[in-house]
Amino acid sequence: MREDIRKIRGFWLEVPFFGTRVEQFVAERWYVILLLPFLYWVALGVWTGRQSLFLNATSFLRSPYILSLGAALYLAAAAFSFWQSTVRKTFSTVVESGIISDSPESIKALIAASSRFEAMMRSRFRFIPIAAVFLSTLIVNGRFGGLDQTQPAKAFGAFMANVFILLGAYAVGAGAWSLLSAARWIAMLSHDDMLSIQPGHSDGCCGLKGIGDCCLQSAVPLLIGMVLCLAWINGPHLRFFQSSKEFGQWDVIVFFSYAMMATLFVLACTLVFLPVRGLHDRLVAYKRTRDLEFTKALSTETARIRETLTSADDNGVVRISGRLKIIHALDPENLRLAG
């Protein structure tokens, strides 16, 4: 059994959260990858040695929308990495923390469920969100106009910007699939009896707080995107955006931002509430059962107290008083059951 526990720990410390090794490689080094576009244009300026050419090729970098998008992607990538670390830490220690009981049956069930997690991450269906984000980016990017053919340097810089934006769209779609797959997997796990309910646990959630944290943190990258959309919607009232050349197309930006914010809101709610719905139902049912047991035990002892008082049995009163203290200690409210 110890070998199986070590196997579980090793699996979750190394399991990929993306479909291919290339995607996983990029995800693990996102802070370097996001710097590549900027390093590219700096190298372009040094190579050409002409300031005017460099300024034309990098003019899009001075767009407030591009700058805010880059900042949001950087923060979202950081939040995603933090969520991924939390998932690895939580499920690599599920047996030690008591989330999963240490029975051989539960451990074998977890190993099988972990294999399904990896299969879900590698599923071909992951190309659906990737394609959706990719096509949406193409449509929106095309709506803002094509390349400026009258200035080759500027046109080339815009072309490379589009390439990096589309690569970023692919990364966003791949990350969305990873978040959704993890949420689906936790949702399936939450209905399984292998998850152990621990009344009186110090986390106040019957020992299942770690799973709840995984769900809450999965929504943080989406919240960052919602804040970005909110900033774009209020662009006319923010001096930072008013100087942008895209300001004349504000109606398109607002429509796109509203659509994206609504989509991100629905996804965030799905990631947070859907996975733990099964856990909540189990905890409510567990608490209801314990309430009924407590009520039945209390009623039984109350009837015995009446009989003892009627018979004037002092020793019996003392014994029943001791039992009442034990029953009170088993009150579900004292055990801090969630629900």
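Go through 283, 271 for me and flag whichever is at pLDDT 75 or above, surrounded by 16 or more Cβ atoms within 10 Å (Cβ to Cβ) and closer than 30 Å to residue 137 by Cβ.
Of the residues listed, the single one that is at pLDDT 75 or above, surrounded by 16 or more Cβ atoms within 10 Å (Cβ to Cβ) and closer than 30 Å to residue 137 by Cβ is 271.
Just a yes or no: is a residue in the stretch 129-137 crowded, with 17+ Cβ neighbours inside 10 Å, within 25 Å of residue 212 (Cα to Cα), in contact (Cβ under 8 Å) with a residue 24 or more places away in the chain and not aromatic (Phe, Trp, Tyr)?
Yes, the stretch 129-137 contains a residue that is crowded, with 17+ Cβ neighbours inside 10 Å, within 25 Å of residue 212 (Cα to Cα), in contact (Cβ under 8 Å) with a residue 24 or more places away in the chain and not aromatic (Phe, Trp, Tyr).
If a residue must be without any contact (Cβ under 8 Å) to a residue 40 or more places away in the chain and of a type in the set (S, T, N, Q), how many such residues does the stretch 61-108 contain?
Summing the residues that are without any contact (Cβ under 8 Å) to a residue 40 or more places away in the chain and of a type in the set (S, T, N, Q) in the stretch 61-108 gives 2.
Can you name the helices (runs of 4 or more DSSP H) wholly within the stretch 1-74 that have at least 2 residues being at pLDDT 60 or above?
2-14, 21-28, 30-33, 36-48
Given the criterion free of Cβ contacts under 8 Å to residues at least 12 places away in the same chain and over 16 Å from residue 89 (Cα atoms), identify the matching residue among 203, 192.
None of the other options fit; the residue is 203.
At least 2 residues that are at pLDDT 80 or above and either among the aliphatic types (A, V, I, L, M) or out of contact with any strand residue (DSSP E or B) (no Cβ under 9 Å at 6 or more places or on another chain) (or both) in each: list the helices (runs of 4 or more DSSP H) lying fully within the stretch 154-250 that qualify.
It comes to 209-218, 220-233.
Looking at the stretch 94-104, can you tell me whether even one residue there is hydroxyl-bearing (Ser, Thr, Tyr), farther than 22 Å from residue 216 by Cα and at pLDDT below 80?
yes
The values are calculated or read from the model by the stated rules, or taken from the named source; none is laboratory data. The structure displayed is predicted, hence computed values, not measured ones. Cβ atoms come from the backbone with ideal geometry, glycine included; neighbour counts cover every protein chain shown.
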